[in-house]
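Here is the structure we will look at.
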Amino acid sequence: MKFTKMLASTALAAAMIGLFAPAHAADVKEVQMLHWWTSGGEAAALDVIKQAVAKKGFAWKDVPVAGGGGGAAMTTLKANVAAGNPPTASQILGYYALEYGEQGSLADISSLAQKENWDKLIPAPLQKFAKINGKWGAVPVNIHSVNWIWLNKAVMEKIGGTEPKNFDEFVALLDKAKKAGVIPLALGGQPWQEATMFDSIVASTGGTDFYKKAFIDLDESALKSDTMKKAFDNLAKLRDYVDPNYAGRDWNLATAMVIKGDALVQVMGDWAKGEFAAAHKEAGKDFLCYRFPGTDGSVFYNSDMFAFFKVPADRQAAQLALAEVTISPEVQSAFNVIKGSVPARLDVSDAAFDMCGKKGIADVKAANEKGTFYGSLAQNYAQPPAIATAYYDVVTKFMHGGIKTSDIAVTELVKAINAAK
């Protein structure tokens, strides 16, 4: 992180300390929620949970911290927890939840989990991040997966495109768009976005087993292999299809390019579908969704979770109410239909979901059963944040020309990950 950005994050956190001051008698029935769901689709999905909480008799204190990757929100959360002013709950990603759990900052909501049988309803890989020493301190809201591509159907038909089944076919499709005068690939030039795309490129290049060996096992022979070099070469190929103004673009603005037909395709997690929904676009009619070419049958996931912090007894009812409604089948369905993700519990019907949602639900179940359900490195579910940050740094330097060749990129990746361990 550049020094100026670090100062900005620190200043933001300092400004927000005190937003979660201990509740008094007048406001103990208030749910204080820190999150980074600030785009249109995200805000609409969160409203489902707000309304469900209101029906339980609790007011909602919204504390949004903008930033698609959640970095600014985590800086704010850390400052408030350190100051002794934790929120009722915070949106959080896996390893951050584990960190707070291991330092003893999370509440124990196991009584609700046992009552609702979460151990059987929620996939075991997610439980790893929601439970500390067998005690539930967080609840997964959804399952996102990153290995998706989203395409404008009208543009696809205009260029005579068909679903690409492998990486070479994907490049050929992008070439067709380029020749037709359409921006082929909508991308935001931010480290987390580029790393998210690279997750899929690595899996497409080397296969799911290679992805596991490199990013889950951190096998050095895989990290510095010719296969990884080829993955960087493939990333370089895609770099040729973005527009010149992509640097710094927010992810939802890249999605908007596809929605408007200014670009053909975006490689992004299924939170992008929430933006299509917010724009009143229909899957199969206005846009298409495919797994990133070469990764069908595998799911590289992240999960938005709500972490519950230790708070005084008079605030604990609000926590349990939020946890209960969040994991209920009704909210799991309604929230994820809007958000673009799929339910975190495996018994929720897919009846309300569109074709992309139905595929997402089926893919998660199949991948969970056959062992191809792996955490996304870019989304803090394959490795702790320090390693993910090292990964971001190498990928984005390569993407923007700071690292010139795939040979150097592989060397730098191994070096950065080893230093971050």
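Per the listing LYS281, LYS310, the residue uniquely in contact with a Pro (Cβ under 8 Å, 6 or more places away or on another chain), basic (Lys, Arg) and surrounded by fewer than 23 Cβ atoms within 10 Å (Cβ to Cβ) is LYS310. Being under 20 Å from the mean Cα position of the chain (by Cα), acidic (Asp, Glu) and either surrounded by fewer than 20 Cβ atoms within 10 Å (Cβ to Cβ) or closer than 17 Å to ALA382 by Cβ (or both) is the requirement here; does ASP243 meet it? So ASP243 does not fit the description; no. Within region 102-117, can you find the residues that are open to solvent by less than 90 Å² (accessible area, probe 1.4 Å) and touching a strand residue (DSSP E or B) at 6+ places or on another chain (Cβ under 7 Å)? The answer is SER105, LEU106, ALA107, ASP108, ILE109, SER110, ALA113. Scanning region 122-138 for residues that are surrounded by fewer than 24 Cβ atoms within 10 Å (Cβ to Cβ) and under 20 Å from the mean Cα position of the chain (by Cα) returns PRO123, ALA124, PRO125, GLN127, LYS128, LYS131. The set of residues in region 282-298 that are closer than 15 Å to GLY340 by Cα and either out of contact with any strand residue (DSSP E or B) (no Cβ under 9 Å at 6 or more places or on another chain) or of a type in the set (A, V, I, L, M, F, W, C) (or both) comprises GLU282, ALA283, GLY284, PHE287, LEU288, CYS289.
Residues that are farther than 30 Å from ASP233 by Cβ, at least 1 per element: which strands (runs of 3 or more DSSP E) completely within region 54-173 meet that? Explain how you work it out, then say what you get.
On the way: elements: 59-64, 89-92, 138-140, 148-152.
Where strands (runs of 3 or more DSSP E) fall fully within region 54-173 and carry at least 1 residues being farther than 30 Å from ASP233 by Cβ, they are 59-64, 89-92, 138-140.
Filtered by the rule that a residue be closer than 21 Å to TRP251 by Cα, surrounded by fewer than 24 Cβ atoms within 10 Å (Cβ to Cβ) and aliphatic (A, V, I, L, M), region 139-154 gives a lone residue, LEU151. Residues being assigned to a strand (DSSP E or B) and under 23 Å from ILE387 (Cβ atoms) are entirely absent from region 236-256.
The values are calculated or read from the model by the stated rules, or taken from the named source; none is laboratory data. All of these numbers come straight from a predicted model, not from anything done at the bench. No Cβ is skipped: glycine too gets one built from the backbone with ideal geometry, and neighbour counts run over all protein chains shown. The area values use the complete protein model at the heavy-atom level, side chains included, leaving out ligands, DNA and RNA. Shrake-Rupley method; radii C 1.70, N 1.55, O 1.52, S 1.80 Å.
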